[in-house]
Amino acid sequence: MRGTRAAARTEVFSPHSLEAAVQLLAEVKEPVRILAGGTDLMVEVETGRSELPGLVLDISRIRDLRFVDEGDEGAIHIGPLVTFADVRRSALLREKAPALWQAAGLVGGEQIRNAATLGGNIMNASPAADGIPPLLAAETHVVLTSSEGSRRIPLFSFFKGYRTTVAKPEELLTEIVLQPLAEGAHAYFRKVAPRRAQAISKVVFAGRIHVARDGAAAVLKTARLGIGAVAPHALRLFETERLLGAQVLTPRLIEDAVRTLRSEIAPIDDVRSTADYRRAVAGNMLRAFLMAGLTRSESGKAGF
Amino acid sequence: MSDYSLEGQSPGGRRQDLKLIGKAYRRVDGPAKVTGQTVFADDYTAPRMVFMKLKRSHLPHARIVGIDVEKALAMSGVVGVLTGRDMPDTFGILPVSQDEHALCPDVVRFVGDPVVAVAALTEDEAEEAMRAIVVDYEPLPTIGSVQEALNTPEPRLHEYGDEGNVHKRITMEFGDVEAALKDADLILEDDFFYEGNTHLPMEQHATVAVPEPDGKVTLYSSTQTPHYLHKALTKVLGLKASHIRVIAAPNGGGFGGKSDPFNHEICAAKMALKLGRPVKITLTREEVFYCHRGRHPVQMHMKTGFTKDGRLVAQHLQTALDGGAYGSYGVASTYYTGALQTVTYKLPKYRFDSIRCFTNKPPCGPKRGHGTPQPRFGWEVQLDKAAHALGLDPAQLRLKNLVEPGEVTANWLKVGSIGLRKCIEAVVEGSGWNERYGKLPFGRGLGLACSSYLTGAGLPIYWNHMPHSGAQLKLDRSGGVALFCGETEIGQGSDTVIAACVAEVLGIGLDDIRLCVADTDLTPVDLGSYSSRVTIMAGNASIQAAERAKELIAEAVAQRLDVPKGRLVFADHRVFDAGDPETGMSWQEAVQCAESLHGTLGTTGSYTPPRSPGRYRGAGVGPSPAYSYSACVVEVEVDPDTGLMRVEHVWMAHDVGQCINAASVMGQIEGSIYMGLAEAVMEESAFKRLPKNRSAALVHKIPSMLDYKSPTFLDMPKMSSYVIEDPDPNGPFGAKEVGQGPLLPMPPAVANAVFDAVGVRVDQVPIHPHMILDALAAKAKGRPPRFGPGAFPAFDFGTPLKVPTPDEGGDGKATNPEEAGIRKDQGTMPETSNTGGPRR
């Protein structure tokens, strides 16, 4: 008993160049849905959650949008059509963006990961997207391109609300730029879901911390934290980061940070979990991450 | 990932006299299944076939005010519609619950209840037409739980049932429980809850109905019970039974979900007769969730007394079942939540009270374990609590209380062979229980649980004196043997079981046998693939038919060879003299010999279970020719930060009496581990109410496989299976069931392992991470370290039916049949369902 159905006739436009794609977006007046891997769009249409409009822009043939590069400035540039399977195959991402690399192995199942793109994960803007928290913790910017030119936006200000972004209808996501994990920093990723594959997260958390030793003390130089499924969209945890910044890492500081995190998020009860559970577990994950940072720095070992 | 071992119970180990039985061999339906050649119901097609869709209610309870099919009938490709008026007669699987209509005539009772059937030339056109049908409803108040049903006796969902919206109520007592509990050293009282869940077969239900030129109709359907579907069709269609032919296609998984006659099957037959064209319907996955008939959500209150050395004194069990909108197997399910409490451990006195309520949700029914996994969960968790309270090892506590072979229990069930001691010993040794239980680091734990299950219900659904299963053999000069049997292959391997029984007796190969099964016109009746009955009943019937054929052949061969009949051996495709193996002939020559002597060769066999000693009202549910036994140890890892639990390893031992096919037995054990794990940690049929402005409807939270979570390959633990063979005198070659039993100990073993891992009790399943975190938080605050349901619903069951136990010198009859169910403040019993179905 599907709710709605596909339009009587849907035209699919499959350009091979970015120019042709943005040209189409600039010219058409009617609504267009953009198709990359199709793992969200086709499910939405099939279950009747949304209607396929008369026009679909299939960008999957634009080869120039599928790349993983290390830029001169050290940043990592990822094309939006990079699939999660591509992420898993990238030695660069495995070393320089380990949380993203880990997340990519836990999205959906094998078949989903072969089709689903990182760009699609961002543009679909699900609060529970597994790819987004690691990108937030990696201080990611996204590049949006239209026929008028490009603009660069920090990922933390890209999401407006539940499944909405600041991208305009005529804009296409063309690049994802993230910072590599700094020498000596630790990364963390944890997906809490009811099973080991094909599961939507109850909470998804990623972080990077850089701990330096100052005599006996462990000083937290920087903390970058991203979290999903606990608010209308994925969040960068700025308040918690500020509390932790340039502080001596102590069990007491960790408890303060856990409290701050729990007040910074806005989880709800839904089919997958409860607000109370999400709040409790989000704090517990931060604690586990920071405690591990504390222990590791005490033992003098770097990396997780 | 997994390993297994086969062990014989007898001192000499496994039986050596059997040639095929007991070994691991390929299934007769295996090659077709792995090459995609099996014809499932949805694969059937016929010339001029049309497609049917059902317009289902989007409201959980409403009166139908009007149905407008005009627009639909005018649409392209549409060939016909049916409404409730076309099929006024009711049906239902049980004679006492004939409460369903093929299409609802007046009232819909759950989201998904069908109202109109429409057929068109293509499936898409049928769906478009279904959407164009307009049904006007007047919404009625809805009932969402047992408590709401008790609070709302009026309006009633059905005009029959024991009282108000209580469909069935039961109260029975075997010996004086309260008096016995006075002597107990320890009394535990616990409340447990087992959430409902569904079967999730890979194959969605499908039916093709083909009208015959002479006014008859043939139905190909994915059903586990062609015989009962045949009965329901006969009733609703108003045709002679001999004019309806039901062929059960091999099921792509059943698990109990295809055991009821369904609306779509009856509508397809009616539509085919109306149009004179074949009609196909294949349900969507969403519709399969609406058909349901899955596990009942059951709340339980269990009060049990123990002596200080751990012996059971008495138990009082109360269960409350959320039945959903229709009767289905519910009356039987209700009895099953209490009937098998006595066949594992010796329970000297026992009282059982139960209610099943109607609610505006898809009807519940039988799922693998039918009504028994719920009380089994409570029972085995409570035994774990008792072991801790008494300072006893949980395995030892169980070993102390085992039922003896041949014993008649307090509620008059006769037990046959029982290999449970050996099962417990196997998993204790395999898991290193004695060295590791209670000694693992925080977060890691072991849990143990046992169970037993029936090998076929002792009574048929319709009371009669005819066999429960029949088999017919046709042999001829080709040497081929055709085996006709009504049994239905639902993936469990029953085709192979009956073929193997015949091959073993006649000394021939599986490839010499042609099977013709599950066809109500061509095969002798078998009641269906439910209650783990096929191996024992169709197996015994097939053996009898084969023995009779063997006798005919032996007589002819003995004459020809001039060898005493008793000396002839049937083995390796030969019939020969045991004293001189060179004297003999090939199997084909032997059959030709017999055909020459007797004429055309054919034999029959049948099976009827032995009579049970119980003679009280309700004694019909629980008896079985044999009971299987299982023991299980589960190892879990619990993350106290997230409450996430990972089942790492399962050791499962199962007393199957005797393997027919060892490979299938292993498969059933592993499949049961999977399904039991699913129920323990994730699967649930959960419902929510829509907001008031959207009708406040009770809807499935998750009528899809996206969010109805079942374990994947990655979630499966390592499995170590132990097959224990303690042959039962009633079983074919001693065989007992294995399809359902090994599911039962999984949920309680997981809950017990969580307790060993982190010291908290979760008294309900599925065990979700938040429950473990809540219990850990309670423990940290000094409150009872438990997550579980609150008190059992307040309900006056009245005076129990009193049945003295065998130990008290009873005769199996009740002493107070007139008083049973009467309440002190009433003096009369409100209303009974004794008189049969709904008054319409």
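The values are calculated or read from the model by the stated rules, or taken from the named source; none is laboratory data. Everything numeric in this text was worked out from a predicted model, so none of it was measured. Because the Cβ atoms are built from the backbone with ideal geometry, glycine has one as well, and the counts that use them run over all protein chains shown.
Observations, loosely collected:
- Residue selection: B:GLN299 fails the criterion of being away from chain A (no Cβ under 14 Å) and either assigned to a helix (DSSP H, G or I) or over 22 Å from the mean Cα position of the chain (by Cα) (or both).
- Number of the condition not met by B:GLU555 [criteria: (1) surrounded by fewer than 24 Cβ atoms within 10 Å (Cβ to Cβ); (2) of a type outside the set (Gly, Ala, Ser); (3) not in a helix (DSSP H, G or I)]: (3)
- Scan of segment A:256-280 for residues that are among the acidic types (Asp, Glu), within 14 Å of chain B (Cβ to nearest Cβ) and more than 17 Å from A:ILE200 (Cα to Cα), ordered by number: A:ASP276
- Residues considered: B:VAL636, B:VAL621. Of these, the only one that is in the same structural domain as B:PRO748 (by TED's automatic domain parsing), aliphatic (A, V, I, L, M) and closer than 24 Å to B:GLY739 by Cα is B:VAL621.
- Evaluation of B:LEU392 against (1) touching a strand residue (DSSP E or B) at 6+ places or on another chain (Cβ under 9 Å); (2) in contact (Cβ under 8 Å) with a residue 24 or more places away in the chain (one fails), failing number: (1)
- Every pair of residues 6+ apart whose Cβ atoms lie under 9 Å, when the first sits in segment A:260-284 and is under 27 Å from B:ARG689 (Cβ atoms) and in contact (Cβ under 8 Å) with a residue 40 or more places away in the chain while the second is among the β-branched types (Val, Ile, Thr) and assigned to a helix (DSSP H, G or I): A:SER273/A:VAL281
- Residue check, A:ARG190 within 14 Å of chain B (Cβ to nearest Cβ), more than 18 Å from the chain's Cα centre (by Cα) and farther than 26 Å from A:GLU27 by Cβ: no
- In the set B:GLY528, B:GLY539, only one residue is under 27 Å from B:GLN740 (Cα atoms) and not in a helix (DSSP H, G or I); that residue is B:GLY528.
- No other residue among B:PRO747, B:PRO742 is surrounded by 24 or more Cβ atoms within 10 Å (Cβ to Cβ) and in contact with a Pro (Cβ under 8 Å, 6 or more places away or on another chain) apart from B:PRO747.
- Top-ranked residue of segment B:42-72 - restricted to ones that are in contact with a strand residue (DSSP E or B) (Cβ under 7 Å, 6 or more places away or on another chain) and farther than 22 Å from B:GLY112 by Cα, ranked as farthest from the other protein chains (Cβ to nearest Cβ): B:ALA46
- A:GLU19 being assigned to a helix (DSSP H, G or I), more than 14 Å from chain B (Cβ to nearest Cβ) and exposed (fewer than 15 other Cβ atoms within 10 Å of the Cβ): yes
- Considering residues of segment B:684-723 that are out of contact with any Phe, Trp or Tyr (no Cβ under 6 Å at 6 or more places or on another chain), away from chain A (no Cβ under 13 Å) and modelled with pLDDT of 95 or more only, the residue surrounded by the most Cβ atoms within 10 Å (Cβ to Cβ): B:VAL723
- With a requirement of 2 or more residues that are within 30 Å of B:TRP379 (Cα to Cα) and among the acidic types (Asp, Glu), the strands (runs of 3 or more DSSP E) lying completely within segment B:133-195 that satisfy it span B:186-194.
- Pairing residues of segment B:76-90 that are surrounded by 16 or more Cβ atoms within 10 Å (Cβ to Cβ) with residues that are among the basic types (Lys, Arg), at Cβ distances under 8 Å and at least 6 apart in sequence or on separate chains, gives B:VAL79/B:ARG277; B:GLY80/B:LYS274; B:LEU82/B:LYS270; B:LEU82/B:LYS274; B:ASP86/B:LYS270; B:ASP86/B:LYS274; B:MET87/B:LYS270; B:THR90/B:ARG840.
- Considering segment B:1-109, the qualifying strands (runs of 3 or more DSSP E), each wholly inside and each with 1 or more residues that are acidic (Asp, Glu) and either under 25 Å from the mean Cα position of the chain (by Cα) or over 30 Å from B:ALA571 (Cβ atoms) (or both), run over B:2-8, B:62-68.
- Verdict on B:CYS267 being of a type outside the set (Lys, Arg) and either surrounded by 24 or more Cβ atoms within 10 Å (Cβ to Cβ) or in contact with a Gly (Cβ under 6 Å, 6 or more places away or on another chain) (or both): yes
- Those residues of segment A:208-218 which are part of a strand (DSSP E or B) and more than 26 Å from A:ILE265 (Cβ to Cβ), in sequence order: A:ALA212, A:ARG213, A:ASP214, A:ALA217
- Against the conditions (1) without any contact (Cβ under 8 Å) to a residue 12 or more places away in the chain; (2) touching a Ser or Thr at 6+ places or on another chain (Cβ under 6 Å), B:LYS182 satisfies every one except (2).
- Single residue of segment A:263-287 satisfying the filter (more than 13 Å from B:LEU773 (Cβ to Cβ) and surrounded by 18 or more Cβ atoms within 10 Å (Cβ to Cβ)) that is modelled with the lowest pLDDT: A:ARG272
- Pick from segment B:224-246, criterion in a helix (DSSP H, G or I) and over 27 Å from the mean Cα position of the chain (by Cα), ranking: surrounded by the most Cβ atoms within 10 Å (Cβ to Cβ): B:LEU237
- Per the listing B:GLY643, B:GLY605, B:GLY671, B:GLY618, the residue uniquely more than 14 Å from chain A (Cβ to nearest Cβ), surrounded by 19 or more Cβ atoms within 10 Å (Cβ to Cβ) and either in a loop (DSSP other than H, G, I, E, B) or touching a Pro at 6+ places or on another chain (Cβ under 6 Å) (or both) is B:GLY618.
Every residue, every condition in (1) in contact with a Cys (Cβ under 9 Å, 6 or more places away or on another chain); (2) under 30 Å from B:VAL699 (Cα atoms), yes or no:
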{"residue": "B:LEU150", "(1), (2)": "yes, yes"}
{"residue": "B:PRO155", "(1), (2)": "no, yes"}
{"residue": "B:GLU159", "(1), (2)": "no, yes"}
{"residue": "B:ASN165", "(1), (2)": "yes, yes"}
{"residue": "B:ALA184", "(1), (2)": "no, no"}
{"residue": "B:PHE192", "(1), (2)": "no, yes"}
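- Selection from segment B:408-439 of residues that are surrounded by 17 or more Cβ atoms within 10 Å (Cβ to Cβ) and assigned to a loop (DSSP other than H, G, I, E, B): B:THR409, B:ALA410, B:ASN411, B:TRP412, B:LEU413, B:VAL415, B:GLY416, B:SER417, B:ILE418, B:GLY419, B:TYR437
- For the criterion of being within 14 Å of another protein chain (Cβ to nearest Cβ) and among the aliphatic types (A, V, I, L, M), B:LEU744 fails.
- The criterion of at least 3 residues that are within 14 Å of another protein chain (Cβ to nearest Cβ) and surrounded by 15 or more Cβ atoms within 10 Å (Cβ to Cβ) is met by none of the strands (runs of 3 or more DSSP E) falling completely within segment A:41-136.
- Flag if B:GLU173 is touching a residue at least 12 places away in the same chain (Cβ under 8 Å) and closer than 30 Å to B:ALA72 by Cβ: no
- Filtering A:GLU170, A:GLU175, A:GLU183 for residues that are away from chain B (no Cβ under 14 Å), part of a strand (DSSP E or B) and surrounded by fewer than 22 Cβ atoms within 10 Å (Cβ to Cβ) leaves a single hit, A:GLU175.
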